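K.L.:
Here it is, the structure in full.
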Amino acid sequence: MADTTSRPLLTRRLFLAGAASSALTTGGLAPSIVEAAPRLPGNPFTLGVASGEPAPDGFVIWTRLAPDLAPNLAQGGGMPPAPMAVDWELALDARMRRVVRRGRVIARPESAHAVHVEIGGLAPRRPYWYRFRAAGVQSPIGRAVTTPSAGAPVDLYRIAVASCQHYEYGYYSAYRHMVADKPDLILHLGDYIYENGTNNRSTRTVRRHPPHEAKTLAQYRERYALYRSDPDLQAAHAWCPWVVTWDDHEVDNDYANDQSEHRALPAEFLRRRAAAYQAYYEHMPLRRLSRPRGDHMQIYRRLDIGRLISLNVLDNRQYRSDQVCGGERGGSAAITDCEALSNPDHTMLGHPQEKWLTGNLGRSKARWNVLAQQQLMAQFVAYDKQNRALRSNEGWDGYPGSRERILKFIEQSRVQNTVALGGDIHSYWVSDLKPDFGKRDAAPVATEFVGTSISSPGIPYGRLMAHMPSNPHIRYFESRRRGYLLCAVTDDHWLTDLRTVKTVRDRHSGIDTLRSFYVESGRPGAHLA
Ligand code: FE
Ligand code: CA
């Protein structure tokens with residue numbers, strides 16, 4: 001719960017006594033703030049800086065003070081349990097010479113000394129650079145970009161899409177290449193961390209998690225700090241604003257609302273969820289809107305990119321009904337059709353979010369309408385030896401009523417150019433979406449691109465490929481490669497490059513474009529470029 005004010009604050013009560021707050025009020029080219037340097041065990045900016053939630057007039061800038069990340073040693077990241085003043089400045093140039101804003105914010109121990117500063121009043125579609133200063137130390141410089149004005153035409157906008165970055169299973173060279181691609185925005189669709197304990201017996205891992213599954217606030221904080229200590233991930237956060245949403249592993253594998261994977265009591269699990277959400281908020285460049293309130297956190301929201309893109313960021317986890325038809329065991333299962341699937345109260349998004357989404361889509365004047373969500377929306381069925389159709393009860397196939405309502409709405413309200421983006425499944429999928437996937441000849445009403453994982457291990461290729469002939473609306477599938485999506489969007493086309501690293505075992509791995517698919521405006525469905 002960091003302060004987000006940009007006004008100078010009196011510091012007498014604070015840990016950092018003696019800061020020269022007068023410099024704050026001068027603005028313009030005032031010299032950097034001089035302050036008494038408290039003793040910290042090291043550089044407080046080991047986790048880098050980040051920006052997010054871009055708007056035409058501003059964005060959020062973020063950092064967390066954590067001078068010591070040694071596991072077990074430093075549950076507080078090495079910070080003393082006291083507030084500390086953090087100064088920030090925003091400039092028009094990468095060398096921070098033309099400073100246009102500065103301010104002071106207080107990093108508090110109850111927020112893991114994370115700070116979120118919401119900056120407004122800036123010019124549209126323009127890069128800015130920012131940095132922080134605490135305990136006499138300057139942070140690295142980050143870059144943030146405002147979005148085009150509401151309703152303004154946009155010639156080209158590029159979005160990189162990431163998901164599923166298990167730390168143990170690979171290096172993040174994908175992020176190094178993503179920065180070189182210079183996207184306008186990075187979208188993270190979940191599994192930013194994995195909560196599980198170490199898989200150190202696996203021969204496929206390249207680095208280590210803590211030994212235990214994260215369940216407490218201290219453990220979640222430690223996990224985020226471990227992930228964010230990666231230099232390639234930090235560089236991607238420093239390059240441009242991020243827009244994030246979560247999936248299950250930010251809390252617990254396969255959780256659904258108040259239902260944990262292993263059937264903990266809901267009240268007990270909600271306490272764990274509250275700790276996980278708090279740590280998520282602390283480490284992501286989110287606005288005050290998303291500040292956790294008890295065990296709830298508002299993360300579904302809309303961002304607009306001029307009149308080109310309306311970006312609906314969805315939350316598939318917090319409000320969903322528990323997975324059904326899988327028997328007593330919690331979590332995901334391959335299921336045959338069963339009655340509970342068609343219960344109208346069985347929901348992926350929850351009623352308020354679904355209404356909010358269709359309301360946005362119905363009113364939208366944007367050229368492209370994006371569903372930025374976590375999982376594969378397209379139906380995928382596999383036939384077993386008895387010729388029974390099997391599907392997963394965990395993704396949208398486990399919530400067919402919700403999916404059908406949304407896709408029918410898109411069809412009936414003639415929502416223009418809907419593109420679903422997803423992750424979770426550690427593989428690339430390019431699909432045509434339709435309200436009834438059984439109708440082979442029906443035209444698609446929307447297009448879907450699911451990105452593969454940044455580093456998490458892929459799903460079995462041959463086993464899934466064998467079922468693709470039964471799923472003709474799936475135009476492309478590849479699970480053997482890791483990487484991300486790079487989407488170049490214009491009024492006339494949506495072009496998605498499937499960017500793929502050669503290996504996640506090498507920090508310096510090269511990059512390739514596996515395939516490119518485009519969607520023509522006015523004609524849902526993807527075509528090989
Ligand atoms: Fe994942
Ligand atoms: Ca997942």
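The values are calculated or read from the model by the stated rules, or taken from the named source; none is laboratory data. What you see is a predicted model; the values in this text were computed from it and never measured. FYI the Cβ positions are ideal-geometry reconstructions off the backbone, even for glycines, and counts take in every protein chain you see. For accessibility, only protein heavy atoms count, side chains too; no ligands or nucleic acids. Shrake-Rupley method; radii C 1.70, N 1.55, O 1.52, S 1.80 Å.
K.L.:
Compute the orientation-averaged projected area for segment 167-254 from the convex hull of its Cα atoms and round it to one decimal in nm².
P.N.:
On the way: hull surface 23.7 nm².
Its average projected convex-hull area is 5.9 nm².
K.L.:
Per residue, how much accessible surface does the chain expose to a 1.4 Å probe? Answer in Å², no decimals.
P.N.:
Working: 20470 Å² over 529 residues.
Per-residue value: 39 Å².
K.L.:
Taking amide H positions as placed in the peptide plane 1.01 Å from N, state which residues far from residue 215 in sequence (5 or more) or on other chains have amide H under 5 Å from it.
P.N.:
For residue 215, whose amide H was placed from the backbone, the distant partners under 5 Å are 220.
K.L.:
Could you list which residues have their amide H under 5 Å from that of residue 434, counting only those 5 or more apart in sequence or on another chain, with H placed in the peptide plane?
P.N.:
For residue 434, the qualifying residues are 445.
K.L.:
Rounded to whole Hz and in sequence order, give me ³J(HN,Hα) for segment 478-494 from the Karplus expression 6.51 cos²θ - 1.76 cosθ + 1.60, θ = phi - 60°, writing x for Gly and Pro.
P.N.:
These are the phi-based 3J(HN,Hα) values: 7, 10, 8, 10, 10, x, 7, 9, 10, 9, 10, 10, 10, 4, 8, 9, 10 Hz.
K.L.:
What part of the accessible area of the chain, given as a whole %, is carbon or sulfur when the probe is 1.4 angstrom?
P.N.:
Summing carbon and sulfur atoms, their accessible area is 51 percent of the total for the chain.
K.L.:
Given a cut-off of under 8 Å on Cα pairs at least six residues apart, what relative contact order in percent is computed for segment 157-528? Could the numbers behind the result be given before it?
P.N.:
Working: 888 pairs, mean separation 66.7, N = 372.
For segment 157-528, the relative contact order is 18 percent.
K.L.:
Turning to a different aspect of this structure: Let me see the P(r) profile for the chain: every Cα-Cα distance counted, bins of 10 Å, each bin given as a percent of all pairs.
P.N.:
Calculated P(r), rounded to whole percents: 4, 19, 30, 27, 15, 5, 1, 0.
K.L.:
Continuing with the same structure: Treat each spin label as a single point 7 Å out from the Cα along the C-beta direction, and report the residue 216 to residue 265 distance in nm.
P.N.:
1.9
K.L.:
While we're on this one: Pull the list of the chain cysteines that no other Cys approaches to under 4.7 Å, Cβ to Cβ.
P.N.:
When partners are defined as cysteine Cβ atoms under 4.7 Å apart, the chain leaves 164, 240, 487 without one.
K.L.:
Taking amide H positions as placed 1.01 Å from N in the peptide plane, with prolines and chain starts having none, which residues 5 or more places from residue 50, or on another chain, fall under 5 Å of its amide H?
P.N.:
Excluding prolines and chain starts, which carry no amide H, the hits are 62.
K.L.:
If I take R0 = 22 Å and measure r between the Cβ atoms of residue 198 and residue 39 in this structure, what FRET efficiency does the formula 1/(1 + (r/R0)^6) give, to the nearest 0.05?
P.N.:
Working: r = 33 Å, r/R0 = 1.51.
Once rounded, the FRET efficiency stands at 0.10.
K.L.:
Go through 448-456, 125-133, 380-388, 411-419 and give me the packing order, highest mean Cβ count within 10 Å leading. Show your work: numbers first, answer last.
P.N.:
Numbers: 448-456: 27.8, 125-133: 20.1, 380-388: 12.0, 411-419: 18.2.
For the peptides 448-456, 125-133, 380-388, 411-419, the packing ranking is 448-456, 125-133, 411-419, 380-388.
K.L.:
Continuing with this model, one more query. Helix-only estimate, please: 222 nm mean residue ellipticity of the chain, summing -39500 (n - 2.57) across DSSP H runs of length 4 or more and dividing by its residues, to the nearest 500.
P.N.:
Helix contribution divided over all residues of the chain: -4500 deg cm²/dmol.
K.L.:
What ranking do 162-171, 316-325 get when scored by the average of other Cβ atoms within 10 Å per residue, highest first? Mind dumping the intermediate values first?
P.N.:
Numbers: 162-171: 25.0, 316-325: 21.0.
The most tightly packed comes first, giving 162-171, 316-325.
K.L.:
Hey, another quick one. Roughly speaking, what is the stretch gain from residue 68 to residue 441, that is 0.36 nm per residue apart minus the C-alpha to C-alpha distance, in nm to one decimal? Don't skip to the answer; put the middle values down first.
P.N.:
Working: separation 373, 0.36 × 373 = 134.28 nm, distance 5.93 nm.
Extra length available between residue 68 and residue 441 comes to 128.3 nm.
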